[in-house]
Amino acid sequence: MIKDSVVQDISGNTETIYKQDINAIIMNGNHKGDLIKLQSKTSDSEAYDLKLKAKDEIFIEITRDKSGEVVSSNILDLKRDKYISYIFIIFLTLIIIVGGAKGLRSLTSVIVNIVIFSIVIELYLKGFDLILVSIVSSFLFIILSISIVTGINRKSFSAILGMIIGTIISMLIAVIVILFTKGNGIHYEEMEFLTRPPEEIFIAEIIIGTLGGIMDIAISISSAIKENYGQHPSFCIY
């Protein structure tokens, strides 16, 4: 790493820029085993750059010419997937150890919800109405998540019913407000790169995004009522 230059911002703060000459070996793909030379610049803050050291693993972008030969390569980011895998394995282990059977059921619920969400995306890409699909998938989220985690009983039924009603009310409030205000005050800057209308995606986000909070509240209320009924059955109808 060689000192390249010193830059100064509008406040007078200075920062040293370093140039890195890197020898790297491609670890997979068509050019596996090839030795390539890379250059990058970094700074003391590392705000936008990577300060690489020996044995670091990185993702690179390779540009080829018409004949398939590599003409340039660009550093994208550090390769962190194996560390994410380690953390994920530790997380799963702790969930099972601490939560036991209920923790395992919770993981099963998460997997089922991921599958449902993947199906929603596929249906939307095939032209199905996103809002309708989101409503149906939300009800499936609610029914399957509660049934898997807490089992099928009166507490689950009351929680499911409360969540469905709460989701419908939240959805109606959002739609009514948007219609009355004609969407004034809603900005879609973070959706500007979408190739589809952002309005229905925004409403679908509201529908799915409310599930977590509604689920927590519904389970808390139904559990509290059940506990109260167990302690004072003559003062509570459950």
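Only one of the numbered conditions (1) modelled with pLDDT of 75 or more; (2) out of contact with any Phe, Trp or Tyr (no Cβ under 8 Å at 6 or more places or on another chain) is violated by Pro197, and that is (1).
Closer than 19 Å to Ile121 by Cα, outside any helix (DSSP H, G or I) and of a type in the set (Ser, Thr, Tyr), is that true of Thr195? When the stated conditions are applied, Thr195 passes them. Look at the stretch 12-40: where a residue is outside the structural domain of Glu57 (by TED's automatic domain parsing), no partner that is surrounded by fewer than 13 Cβ atoms within 10 Å (Cβ to Cβ) sits 6+ places away or on another chain with Cβ atoms under 6 Å.
Would it be correct to say that Ile178 is surrounded by 16 or more Cβ atoms within 10 Å (Cβ to Cβ) and over 16 Å from Ile160 (Cβ atoms)? So Ile178 passes the test.
In this structure, is Phe141 closer than 21 Å to Ile214 by Cβ and either outside the structural domain of Ile26 (by TED's automatic domain parsing) or in contact (Cβ under 8 Å) with a residue 40 or more places away in the chain (or both)? Judged against the criteria, Phe141 is a match.
Every residue, every condition in (1) at pLDDT 85 or above; (2) not assigned by TED's automatic domain parsing to the domain that holds Gly166; (3) not polar (S, T, N, Q), yes or no:
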| site | (1), (2), (3) |
| --- | --- |
| Ser45 | no, yes, no |
| Leu50 | no, yes, yes |
| Val71 | no, yes, yes |
| Ile75 | no, yes, yes |
| Ile84 | yes, yes, yes |
| Phe88 | yes, yes, yes |
| Ser118 | yes, no, no |
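Residues that are of a type in the set (Val, Ile, Thr) and touching a residue at least 24 places away in the same chain (Cβ under 8 Å) within the stretch 194-222 comprise Ile201, Ile203, Ile206, Ile207, Ile208, Thr210, Ile214, Ile217, Ile219, Ile221, listed in sequence order.
The values are calculated or read from the model by the stated rules, or taken from the named source; none is laboratory data. Keep in mind the model is a prediction, meaning the values are calculated, not measured. So basically every Cβ, Gly included, is an ideal-geometry build from the backbone, and we count neighbours across all protein chains shown.
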